[in-house]
Amino acid sequence: MALVLENHRYDADRCIRCGGCKWVDHIYMGHPRWGVKCPSIARYLFDPYAAYGRLQLALGLMDGELEITPSFVDAVFQCQLCGACDVGCKRNLDLEIQDTLMALRQRVVDKGKGPLPGHKKAAGNIESTWNIFGSRKKERFSWMPSGIQPAAKADVLYWAGCYPAYTQSETAQATVKLLKAAGVDFAVLGESEWCCGQMLFTTGQTELALKVAQHNIDAIKASGAKTVLTSCPECLTALKVEYPKLLGKSTSDMPYQVVHLTEFMEPLVKNGAIKLNKPLPMRVTYHDPCHLSRMSEPWVQWEGTRGQYGVLQPPKQWRRGTNGVYQQPRNIMGAIPGLELVEMQRTRENAFCCGAGGGVREGLNDFALWTAQERLTEAKETAGTNTLVLACPHCKANFTDAIKKSGDNMKVYDIAELMVKALSQGKEA
Amino acid sequence: MSLPKETIRALESIVGPQYVSEDPVVCQVYARGGYGKDIVLGRGNLKPACVVLPGSTEEVQSIVKLANRYKTPFVPVGTFWFNSCGPYRENVISIDLKRMNKIEIDDRNMYAVCEPYVIFSQLQHEAMKRGLYMMVPGGGAQVSVVNNVTGAGYSPLNYRIGGPQRRILGVEWVMPDGEILKLGSASMLKEYFWGEGPGPDLRGILRGPQGWQGGLGIFTKAAVKLYPFQPERLVPTGISPDTTLELPTKRMRRYNITYPDQPSLVKAMREVSKAEIGAAITKVPVMWRYRARSTSKEHFWELWKGAKEDLQKNTETILLVVIIGYTSEKQVEYEERVLTDIVTETGGTLRRTKQTDESWIKNADSAGMWWSAGGYISVKINVDSLDHALKSGRDAAALKKKYLEGAVDDYGDPGWFQISSFGHEGYNEFLVEFDATSDPKVSHRIDNFYVDAVKQDVKEGCYSGMQMSYGPVGITGPAYGDHHILLKEIKEMFDPGYLSNPPRPFEFDEKIERECPWVKKDW
């Protein structure tokens with residue numbers, strides 16, 4: 001069920017320009033330099049580049065006041081769909097910003113004015129090789145370390161995802177080493193694992209997204225696994241939120257449960273099943289990946305009507321970002337001796353995106369790199385460290401590219417890599 | 001709508017081409033929105049011909065001079081919380097001040113110099129880091145400090161630190177003709193610490209009755225007073241939407257006190273202010289209590305529908321008092337003892353209160369006012385004595401019955417009232433929540449209510465507060481010292497071409513005539 005813009009007229013019309021979509025929550029507000037959590041308005045400054053502006057564009061389009069011009073398309077796609085606006089709005093008003101922005105993109109694509117060339121190229125790669133890079137299908141699991149043999153069948157299915165499979169293999173390798181160290185049997189899908197399609201969902205390429213989703217759901221079902229474990233929050237969101245959303249279902253209706261590595265590992269660290277005893281004398285800061293933190297709550301399908309005062313019948317279960325994965329990675333790092341975690345100014349649901357999501361890395365790479373550089377600067381200036389830890393290979397790839405471009409001295413680690421470094425001697429595979 | 005190419009090129013040469021846009025997609029977004037969007041205040045707004053983003057006072061000055069040269073109206077755009085940032089004339093230049101967000105704090109002399117895009121939560125953060133504080137206004141933590149102190153500036157924290165007009169110190173002002181005027185010490189000493197001199201002090205004109213909202217040029221810098229706070233950190237906690245500041249209870253405490261009726265609550269307000277204790281005092285509107293308990297809009301309505309019967313049986317009212325130990329922990333203990341005595345003497349009951357702050361210290365959830373019904377407006381904002389505030393609130397509650405259909409029934413609650421300056425000033429804000437989407441005539445009724453509420457104040461001798469500025473000047477002017485004539489004279493002296501956000505400050509009357517056939521304009 002593709003999103004329909006007209007279903008979001010109320011959301012667009014009831015915006016009051018309070019800027020909750022762009023400002024950091026005022027309770028957590030710091031210096032003006034770090035006051036805005038929306039990368040798009042932070043860079044482009046003109047109001048169409050904030051959610052409150054895009055809602056005006058949506059109204060203008062629905063009312064026939066605006067046409068889909070190149071600048072309209074630019075305003076709509078220069079956005080990571082990072083969800084900062086959605087969560088910010090739901091602090092006060094409960095307007096469905098994220099879905100409205102996605103519906104707006106869908107409308108642009110349906111009218112033949114989108115997506116952008118980079119999005120089409122990435123879609124072409126997916127369609128021809130089932131990964132976003134156009135790399136060889138056979139090599140999807142060639143990163144598997146020698147000495148680690150996935151089970152033919154297991155309750156836990158490790159979903160590698162395109163980035164860990166092809167470019168951020170250190171994350172995938174670290175993940176399976178951790179599973180081995182914890183004594184967890186896991187299976188993989190091999191060539192049956194296709195790109196999760198998150199980029200397709202966010203760029204309105206619904207037909208291919210549906211094909212990918214259906215294949216992956218069937219493949220997971222056929223594997224017999226109960227739990228799908230991902231290293232990549234983008235994959236997590238696709239499997240957990242976008243697939244059921246597109247199919248008109250709820251997350252709880254899916255034939256599998258999806259968890260991120262940090263959710264899976266935190267209880268094991270806590271109960272001692274995995275021991276992170278080796279000291280790591282490092283001062284680090286943690287970047288909350290958008291799709292692991294504020295955007296990772298389950299999707300609950302809602303159908304109903306809006307009555308007087310905008311009251312919904314039946315009431316809706318809101319995704320406000322409250323129950324995202326915020327604390328688990330922090331608890332894991334807290335268990336590593338010698339590791340000092342210092343927070344940045346914008347953190348948790350107010351975190352500034354890495355810049356990669358929403359098709360920006362594929363379609364508007366310059367903006368992706370600018371955003372990453374902003375975040376790296378924030379890490380240095382507000383946390384006073386040159387070591388950034390994250391839990392997302394997509395973020396890591398983008399930060400790594402930004403560092404290459406700027407010559408910055410920042411180091412970036414996936415949390416899985418740190419955990420492997422901290423494993424008790426002899427435990428590392 | 002478009003400006004001559006020559007004008008656009010000239011603007012580009014001032015700020016750089018990347019900071020000028022005449023694209024219809026950009027201009028569309030600068031037309032409307034913000035406070036007042038559903039009623040007369042927001043009706044008829046137009047798209048600007050172009051939007052420009054200056055980065056300095058010099059650039060603002062050059063833009064305004066250019067506008068004068070080409071006789072082109074201009075509208076300053078702050079955080080766009082208020083719909084007066086939307087043009088009401090064709091071929092306007094919107095001057096978006098977003099790039100001007102510098103803040104400098106002089107700890108020793110306790111003031112902050114803010115550019116127009118510094119907002120209150122940012123100022124409060126920087127002030128509190130230095131053991132100082134300011135208020136956060138009813139407009140919300142997201143509004144521009146400069147724009148708010150020069151236009152409104154009301155908050156329960158004004159109880160101790162006084163009204164907004166007293167907070168303005170040195171000011172840098174790009175006049176409607178593009179000349180720069182510096183006020184107070186900023187004029188002669190290049191420092192912003194004092195408003196009264198040496199040098200000109202035009203702060204009375206600068207604010208007028210309640211501010212000009214861009215009708216008298218652009219304030220590019222304003223120094224505001226900061227006040228000594230207490231030394232302990234208020235710890236931010238929670239995940240959205242449940243974020244809050246934990247109060248350091250040895251130095252700060254909140255008290256919810258219930259009273260069996262309004263007269264006893266008012267008596268307590270007076271006694272507290274006579275004793276000169278406390279940092280903030282406000283009567284909490286009944287609806288806010290229900291809102292705070294609700295987990296969703298649907299939940300709120302379920303609770304609120306059931307509230308009617310309870311409220312008819314029980315007229316209990318809530319007084320919120322905040323105590324701050326500015327000087328010591330002993331101050332908190334002393335003030336708490338005095339407060340406890342007053343509560344006992346006035347028949348109140350101290351209720352268990354969470355020692356956290358969601359609103360007023362660093363945040364103010366103004367946007368949340370739209371949450372329950374989707375539409376909201378303060379039909380009255382009185383700034384006078386407490387007696388006037390109470391009277392005007394009661395009158396408005398009675399008048400509201402006439403316009404109630406389609407608006408949220410508040411069951412006769414007179415709104416939000418408080419005292420400022422240790423009780424020397426009273427404040428009433430009469431809140432109306434409504435649904436503008438299911439029946440457009442609801443907002444027509446609110447337009448009529450808005451105008452009638454001003455007429456009611458005039459008739460009853462209550463000062464009509466902020467409606468002096470964004471209300472029918474044709475009604476309030478003759479009633480209050482012919483101030484409309486004074487406004488006109490000042491406007492024409494400073495801005496003879498009516499280029500600065502025209503037709504400020506007379507747009508309300510014009511909009512009623514042009515955009516609201518459902519309101520009888522009989523003045």
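The values are calculated or read from the model by the stated rules, or taken from the named source; none is laboratory data. Since the model is a prediction, treat every value here as computed from it, not as a measurement. As a convention, Cβ positions derive from the backbone with ideal geometry for all residues, glycine included, and neighbour counts pool all protein chains shown. Side chains are part of the model used for accessible areas, which takes the heavy atoms of the whole protein and leaves out ligands, DNA and RNA. Shrake-Rupley method; radii C 1.70, N 1.55, O 1.52, S 1.80 Å.
The residue that is most open to solvent (accessible area, probe 1.4 Å), counting only those in region A:319-340 that are part of a loop (DSSP other than H, G, I, E, B) and in contact with a Lys or Arg (Cβ under 6 Å, 6 or more places away or on another chain), is A:Arg320. Just one of the numbered conditions (1) surrounded by fewer than 21 Cβ atoms within 10 Å (Cβ to Cβ); (2) under 29 Å from B:Ser464 (Cβ atoms); (3) more than 14 Å from every other protein chain (Cβ to nearest Cβ) is not true of B:Lys308: (2). Counting only helices (runs of 4 or more DSSP H) that fall entirely inside region A:168-273 and contain at least 3 residues that are free of Cβ contacts under 8 Å to residues at least 12 places away in the same chain and either over 28 Å from A:Thr100 (Cα atoms) or open to solvent by 10 Å² or more (accessible area, probe 1.4 Å) (or both), the qualifying elements are A:206-223. The single condition from (1) at pLDDT below 90; (2) more than 14 Å from chain A (Cβ to nearest Cβ); (3) assigned to a helix (DSSP H, G or I) that B:Thr315 fails is (3). Checking the condition under 23 Å from the mean Cα position of the chain (by Cα) and touching a residue at least 12 places away in the same chain (Cβ under 8 Å), which residue from B:Lys491, B:Lys521 passes? On inspection, the qualifying residue turns out to be B:Lys491. One residue is enough: does region B:10-18 have a residue meeting the conditions under 19 Å from A:Gly64 (Cα atoms), open to solvent by 10 Å² or more (accessible area, probe 1.4 Å) and of a type in the set (A, V, I, L, M, F, W, C)? No; the residues of region B:10-18 include none that is under 19 Å from A:Gly64 (Cα atoms), open to solvent by 10 Å² or more (accessible area, probe 1.4 Å) and of a type in the set (A, V, I, L, M, F, W, C). Scanning region B:165-203 for residues that are assigned to a helix (DSSP H, G or I) and either touching a strand residue (DSSP E or B) at 6+ places or on another chain (Cβ under 9 Å) or hydroxyl-bearing (Ser, Thr, Tyr) (or both) yields B:Arg166, B:Ser185, B:Ala186, B:Ser187, B:Met188, B:Arg203.
Out of A:Arg43, A:Arg33, one residue alone is more than 24 Å from the chain's Cα centre (by Cα), open to solvent by 20 Å² or more (accessible area, probe 1.4 Å), more than 18 Å from A:Leu5 (Cα to Cα) and among the basic types (Lys, Arg). It is A:Arg33.
Residues in region B:179-194 include none that are at negative phi, open to solvent by less than 10 Å² (accessible area, probe 1.4 Å), within 23 Å of the chain's Cα centre (by Cα) and not aliphatic (A, V, I, L, M). Only one of these is open to solvent by less than 50 Å² (accessible area, probe 1.4 Å), more than 14 Å from chain A (Cβ to nearest Cβ) and modelled with pLDDT under 90: B:Gly415, B:Gly406, B:Gly423, B:Gly477. Name it. It is B:Gly415.
Could you go through region B:446-462 and let me know if any residue there is surrounded by fewer than 20 Cβ atoms within 10 Å (Cβ to Cβ) and within 21 Å of the chain's Cα centre (by Cα). No: region B:446-462 contains no residue that is surrounded by fewer than 20 Cβ atoms within 10 Å (Cβ to Cβ) and within 21 Å of the chain's Cα centre (by Cα). Of the residues in region B:4-22, at least one is within 14 Å of chain A (Cβ to nearest Cβ), part of a loop (DSSP other than H, G, I, E, B) and out of contact with any strand residue (DSSP E or B) (no Cβ under 9 Å at 6 or more places or on another chain). In this structure, B:Glu90 does satisfy being more than 9 Å from chain A (Cβ to nearest Cβ), open to solvent by 40 Å² or more (accessible area, probe 1.4 Å) and under 27 Å from B:Ile377 (Cα atoms).
Scoring B:Cys27 on the criteria (1) out of contact with any Lys or Arg (no Cβ under 8 Å at 6 or more places or on another chain); (2) hydrophobic (A, V, I, L, M, F, W, C); (3) in a helix (DSSP H, G or I); (4) within 12 Å of chain A (Cβ to nearest Cβ) leaves a single failure, condition (1).
Can you give me the ranges of the helices (runs of 4 or more DSSP H) entirely in region B:400-498 with at least 3 residues that are in contact with a Phe, Trp or Tyr (Cβ under 7 Å, 6 or more places away or on another chain)? Walk me through how you get there before you give the answer.
Numbers: elements: B:440-460, B:473-479, B:483-494.
Result: B:440-460, B:473-479.
For A:Leu276, the conditions (1) assigned to a helix (DSSP H, G or I); (2) under 22 Å from A:Ser169 (Cα atoms) all hold with the exception of (1). Scanning region B:71-94 for residues that are under 21 Å from the mean Cα position of the chain (by Cα) and of a type outside the set (Phe, Trp, Tyr) yields B:Val75, B:Pro76, B:Val77, B:Gly78, B:Thr79, B:Asn83, B:Ser84, B:Cys85, B:Gly86, B:Pro87.
A single entry from B:Gly306, B:Gly368, B:Gly393, B:Gly347 fulfils the requirement of being assigned to a loop (DSSP other than H, G, I, E, B) and of a type in the set (Gly, Ala, Ser): B:Gly347.
For region B:358-392, filtering for residues that are aromatic (Phe, Trp, Tyr) and either open to solvent by 20 Å² or more (accessible area, probe 1.4 Å) or under 21 Å from B:Val145 (Cβ atoms) (or both) leaves 2.
The set of residues in region A:81-110 that are acidic (Asp, Glu), farther than 16 Å from A:Ile41 by Cβ and within 13 Å of another protein chain (Cβ to nearest Cβ) comprises A:Asp94, A:Glu96.
Do we find that B:Glu513 is more than 28 Å from B:Arg166 (Cα to Cα) and open to solvent by 50 Å² or more (accessible area, probe 1.4 Å) in this structure? Here the answer is yes, as B:Glu513 does meet what is asked.
Just for region A:341-369: of the residues that are outside any loop (DSSP other than H, G, I, E, B) and touching a Pro at 6+ places or on another chain (Cβ under 8 Å), which one is nearest to the other protein chains (Cβ to nearest Cβ)? Looking at the filtered set, the residue picked out is A:Phe367.
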